[in-house]
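Every number in this text was worked out from the coordinates using simple rules, so none of it is lab data. Only a predicted model underlies this, so the values are computations on that prediction, with no experimental measurement involved. So basically every Cβ, Gly included, is an ideal-geometry build from the backbone, and we count neighbours across all protein chains shown.
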Amino acid sequence: MFGDYSLGDLGAIFAMQGFAGLILFSVYVLMALGLAIIFGQMGVINMAHGEFMILGAYMTYLCSAFFQTYLPALFPAYFFLAMILAFCASGALGMLVEWALIRHLYKRPLDTLLATWGLSLILQQAYRSIFGAREVGVELPSWLIGSVQVTDSIEIPINGLFVMAVTTLITVGVALLIYRSRFGQQVRAVMANRPMAGAVGIDTEKIDRYTFGLGCGIAGVAGSAFTMIGSTGPTSGQLYIVDTFLIVVFGGAASLLGTIASAFSISQTQSTLEFFLSGSMAKVLTLLAVVGILMLRPQGLFTLKVRR
Amino acid sequence: MKNPVQTLTKSVTVNDNPFMKPIEWLSLAVLALVLLVVLPSLLDAFRLNLVGKYLTYAFVALGLVICWGYAGILSLGQGCFFGLGGYCMAMYLKLEASSVENTKIQSTPGIPDFMDWNQITALPWFWKPFQSLPLTLILVVAVPVLFAFVISAALFKRRVGGTYFAIITQAIAAILTILIVGQQGYTGGINGITDLRTLHGWDIRTDGAHTILYFVNGGLLIGCILIAQFVKKSKLGRILVAMRDKEDRVRFSGYSVAGFKVFAFCLAAAFAAIGGAMFTLQVGFMSPSFVGIVPSIEMVIYAAVGGRMSLFGAVWGTLLVNWAKTSFSESFPDLWLFGLGALFIAVVLAFPNGLAGIWREHVEPRLTRRVKGLRAPPPAIVPHGAPAE
């Protein structure tokens with residue numbers, strides 16, 4: 001499959017596909033970060049994660065439409081407000097869902113899967129009723145359109161760079177929040193040992209609710225970033241949910257670093273293969289490789305040494 | 001470990017653990033009566049064919065009762081096995097439908113039409129076995145079971161279980177769908193394998209054939225219920241339940257936990273495969289939309305609504321959910337997904353044992369009291385197993 005390309009071409013192909021992979025990587029990381037918190041830390045299988053992401057995407061869409069009509073002067077900066085709104089909307093919905101649904105099911109993880117699947121169906125239909133079945137896209141501000149020419153054969157789109165910057169920022173923020181803040185300490189304490197955490201005076205129910213809300217909020221930001229590179233439809237979330245779960249499982253469910261590493265390897269493999277094979281075969285091979293590795297090493301790439 | 005009370009009564013009564021209790025015989029008789037007598041005499045050919053389609057899903061639900069309800073393995077990939085069984089059948093039917101005289105307008109006569117459209121000139125090797133009916137009938141069950149065996153043996157030997165297993169089976173369902181859709185020339189792509197005509201010369205498209213297939217379906221389903229009942233009643237079934245509730249204790253008692261889990265998963269796959277093959281015959285086509293994640297999870301909800309611990313409940317649950325789906329999505333297409341989603345949530349939150357649980361806890365005690373009158377004391381309500389974790 002490499003035969004027809006010269007070495008220089010191959011280098012450019014790998015660089016370009018590598019960059020396309022980096023954008024995919026950013027979306028994967030943002031989605032997987034939220035899920036790593038919800039599934040990895042809390043053990044809740046949130047099948048509606050994709051729908052929380054799409055909620056963020058729709059918030060961004062609404063925001064862009066609002067700024068376009070009422071505040072065209074501020075349009076170039078709408079994206080920052082949209083992201084915050086997306087975080088708040090998804091996070092608030094997440095906390096509501098935790099209160100109404102998830103908190104009754106902490107002892108039955110497989111049942112959370114069914115319940116959240118039901119939730120995802122309801123949300124999908126709600127989006128379809130509100131926003132219509134057709135996919136919507138947002139208007140990008142002019143400073144995000146275009147690309148940077150690195151060499152003759154390599155050029156990098158600016159919106160991709162922006163998405164990557166956002167991803168880096170959020171990843172660092174989440175890592176700081178989980179590993180350096182008092183809240184993060186409490187989250188980790190509750191997840192490690194709920195009764196003991198309760199015994200030392202942590203309000204475990206509150207922590208559960210905020211943790212779930214945080215995970216969903218990050219999914220909302222992921223959706224917001226997603227609008228920059230693709231259009232949004234009611235069922236877009238489902239396209240990513242299996243990949244995202246595989247990333248979290250592949251990375252070793254309780255490890256943020258593992259999640260990032262596995263998102264990186266999966267997205268790079270997929271986008272590099274995509275150039276040489278058809279898109280569907282690239283995906284099949286990537287997922288097969290992941291499942292194969294998981295069969296050999298079920299604990300994932302990175303694992304914490306914990307007693308279970 | 002045997003309950004001392006049970007051993008005591010065993011010496012008194014002749015048979016305290018019959019193959020089926022009277023109430024179960026009664027349930028079976030009612031089910032058989034409804035499926036084989038009442039429905040065929042009430043419904044027209046079109047509706048009966050529709051019920052026949054639902055019944056093929058009931059096979060999957062039945063497998064899930066053993067695999068999920070009893071052994072505690074939630075598989076989100078039952079669509080794979082349903083689809084593989086269905087595709088095996090469809091490949092045989094397609095080859096029969098694309099005989100040389102039927103396909104003489106193609107550039108390569110004698111191969112399925114979608115292959116011809118995709119510039120494939122010879123029959124691929126994995127289609128060859130499906131030229132013979134006996135071999136097809138074996139492969140319909142053998143291929144999915146082998147597939148299930150490979151997946152489950154690899155995972156259970158390494159003690160992957162619970163949520164991880166569910167996610168991996170789901171990923172496998174996704175992979176298989178993408179593969180089938182992507183390899184259009186070999187599988188018919190997104191449209192699936194369509195335009196199936198005859199089974200060994202017998203036209204399966206007529207109303208008469210649909211009715212006969214419906215009865216075959218019902219008969220096979222009752223056969224599968226009896227097999228599942230046998231597994232459930234045997235010592236094997238008890239080990240499955242023990243394993244679900246305290247896996248480590250079973251392992252420490254010297255049982256091969258992985259082996260039993262593989263068995264339960266393969267049995268569920270075999271049932272699903274039979275269902276898939278019957279689906280192809282009853283409905284007349286097979287497509288990737290019955291393989292992927294969405295149908296797989298829907299099949300889980302059939303079992304959950306009926307009751308994950310009840311064989312009969314699973315069949316009734318399947319019929320009921322599908323009937324509701326057809327009638328609701330005909331009249332209120334927008335509301336149907338809200339209804340289905342709410343059903344998922346309600347079943348999980350309020351009725352973890354499904355219809356069968358409601359029946360056992362509320363209807364059955366009253367019925368028994370009514371039947372036996374006031375002479376017998378009201379029977380104690382036996383909790384029927386905690387929901388799987």
Stretch gain in nm, segment B:D334-B:L349, where the contour uses 0.36 nm per residue and the Cα spacing is subtracted: 3.0 nm
Need one number: the % of Cα-Cα pairs in the protein assembly as shown sitting beyond the 46 Å mark. 24 percent
Kirkwood Rh and Cα-based Rg: tell me the resulting Rg over Rh for chain B, rounded to two decimals. 1.00
Let me make sure I get this right: for the range A:1-153, a, b and c are the square roots of the gyration tensor eigenvalues over alpha carbons, sorted descending. Under 1.5 in a/c it's rounded, otherwise prolate if a/b > b/c, else oblate. Which is it? oblate
Computed P(r) (all Cα pairs; the range A:25-242; 5 Å bins; percent): 1, 7, 14, 19, 18, 15, 11, 7, 4, 2, 1, 0, 0
So what's the back-of-envelope 222 nm ellipticity for chain B, counting only DSSP H runs of four-plus at -39500 (n - 2.57) apiece and dividing by all residues, rounded to 500? -21500 deg cm²/dmol
Whole-number percent relative contact order across the range B:198-286, with pairs defined as alpha carbons under 8 Å at least 6 apart: 36 percent
Listed residue (B:A209, A:V27, A:I37) projecting farthest to the positive dipole end of the protein assembly as shown, Cβ model: A:I37
Fewest-first sequence of A:I229, B:I73, B:I212 by Cβ atoms within 10 Å of each Cβ: B:I212, A:I229, B:I73
Whole number please: convex hull volume per residue of the Cα set in the range B:201-247, in Å³? 103 Å³
Which helices count as membrane-span-like in chain A under these terms: full DSSP H, at least 20 Å along the axis by C-alpha, Kyte-Doolittle mean of 1.6 or more? A:7-35, A:78-100, A:158-180, A:279-296
Ranked by Cβ crowding within 10 angstrom, fewest neighbours first, how are A:F131, A:F275 ordered? A:F275, A:F131
In what sequence do B:E24, A:E139 fall when counting other Cβ within 10 Å, fewest first? A:E139, B:E24
For a label point 7 Å along the Cα-to-beta-carbon line of A:R297, residues of the range B:130-160 with backbone N under 11 Å: none
Once you wrap a convex hull around the alpha carbon atoms of the range B:117-173, what is its projected area averaged over all directions, in nm²? 5.8 nm²
In the protein assembly as shown, with Lys and Arg counted as +1 and Asp and Glu as -1 at Cβ, which of these residues, A:G18, B:N102, A:S265, has the Cα nearest the positive end of the dipole, that is, farthest along it? A:S265
Between B:T206 and A:V148, what FRET efficiency follows from the Cβ-Cβ distance if R0 is 51 Å, with the result rounded to 0.05? 0.20
Using 0.36 nm times the number of residues separating B:T198 and B:V100, minus their current alpha carbon distance, what extension gain do you get? 33.8 nm
For chain A, what's the relative contact order in percent, using C-alpha pairs closer than 8 Å and at least 6 residues apart? 34 percent
Summing +1 for each Lys or Arg and -1 for each Asp or Glu, what net charge is found among the other residues whose Cβ lies under 14 Å from the Cβ of B:W117? -2
Amide H neighbours of B:I73 at under 5 Å, excluding residues fewer than 5 places away on the same chain, with H built from the backbone geometry, are B:W68
Would you mind computing, in nm to one decimal, how far apart the modelled labels at A:A199 and B:A324 are, each placed 7 Å from Cα along Cα→Cβ? 4.4 nm
For the pair B:F19 and B:S132, what calculated FRET efficiency results from E = 1/(1 + (r/R0)^6), where r is the Cβ-Cβ distance and R0 = 41 Å, to the nearest 0.05? 0.65
So how far apart, in nm, are the two label points at A:E155 and A:K107 if each is 7 Å from Cα heading toward Cβ? 6.1 nm
What angle, in degrees between 0 and 90 and rounded to the nearest 10, separates the Cα long axis of helix B:133-157 from the longest principal axis of the Cα atoms of chain B? 60 degrees
When the helix-only estimate is applied to chain A (DSSP H runs of n ≥ 4, each -39,500 (n - 2.57), divided by the residue count), what is the mean residue ellipticity at 222 nm, nearest 500 deg cm²/dmol? -24000 deg cm²/dmol
Rounded to the nearest 0.05, what FRET efficiency do A:L257 and A:C88 have when you use their Cβ-Cβ distance and R0 = 41 Å? 0.90
What's the angle, to the nearest 10 degrees (0 to 90), between helix B:78-97's Cα axis and the longest principal axis of chain B? 40 degrees
Taking the Cβ of A:S267 as the center, what net charge do the other residues with Cβ under 14 Å away carry, scoring Lys and Arg +1 and Asp and Glu -1? -1
If I model a spin label as a point 7 Å beyond the Cα along the Cα-Cβ vector, how far apart are those points for B:R238 and A:E139 in nm? 7.3 nm
With Cα coordinates, the longest principal axis of chain B makes an angle with the long axis of helix B:207-233, in degrees rounded to 10, of 40 degrees
